[in-house]
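Structure, as structure tokens:
Just so you know, all these numbers are worked out from the coordinates, no wet-lab data involved. What you see is a predicted model, and the numbers here were worked out from it, not measured in a lab. Positions of Cβ are backbone-derived with ideal geometry, glycine not excepted, and every protein chain shown enters the neighbour counts.
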Amino acid sequence: MRSLRIMTCMLTVAMVTGCASTRSESDVSTQNSQRMATTFKRDGVKLEWSCRWGTGITKATCVKGDFIGIEASAYAPSFGTTEASRESAFRVANDLALAKLAQFLSTEVKTSRTTNILTRNVEKTNQMLLSGKTMSGEVTFNDDEDELAKGSNEQALQTEGRVASSVVEVMKIKSQRILKGVRVIDEKIVDAKTVSVTVRWDVDSDVARQEIDKAMSR
């Protein structure tokens, strides 16, 4: 009887594992994604996000956007080369980077300009996908790039707009969380008279921070 119970348990585990493996492989085969980076040069802000698409009989195009992270960079003058002067300059640059991030999230993200630029990033990605180009890393787009040739039909353009709008909406919803969870990722001496600071928020670090908060509250 004991042997029968052991065999039954082994069979059950094998069946569950098999189902999980099949589900995972199915998910991988029917869903792909491409990372993208959209830079707003004058605002000093870079958005990292991704677009996803399903595989099937039609060519792959972006149908869903996922917000990944946001960075803001700023420069400040250093009045001298002493440690005290540099430290003071880094503090100023940090404050300016945070101010740029706050300004972007409170004002710029709500404008049609932001949605339009993200839409153009989706258009660029779709054109590369449809041409069969292999994309490694990020598909980048800067806000001062020339307008792309309109190769998409009206329905595709509407989908691209919806993908961009969904990412914008997530940023609006998470704006306060972003400002509370931002961190410095880079401090750089640009030259003898200038320093720069880059601050960042991303989904992974936010999840890690929440887990640490939970652990500390126990």
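Structure summary
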quantity	calculated
Column: log10 I(q)/I(0), Debye, Cα scatterers of the stretch 79-218, q = 0.13, 0.18 Å⁻¹	-0.81, -1.12
Most positive-pole-ward Cα, PHE104, THR194, GLN176, against dipole of the stretch 94-218 from beta carbon charges	GLN176
Theoretical FRET efficiency, 1/(1+(r/R0)^6), r = Cβ-Cβ of GLN127 and GLU169, R0 25 Å, to 0.05	0.55
Residue pairs, from the table LYS110/LYS180; LYS64/LYS188; LYS46/LYS133; LYS46/LYS180; LYS133/LYS174, whose Cα atoms sit over 26 Å apart	LYS64/LYS188; LYS133/LYS174
Pairwise FRET efficiency - THR81 versus GLN103, Cβ, R0 = 25 Å, nearest 0.05	0.20
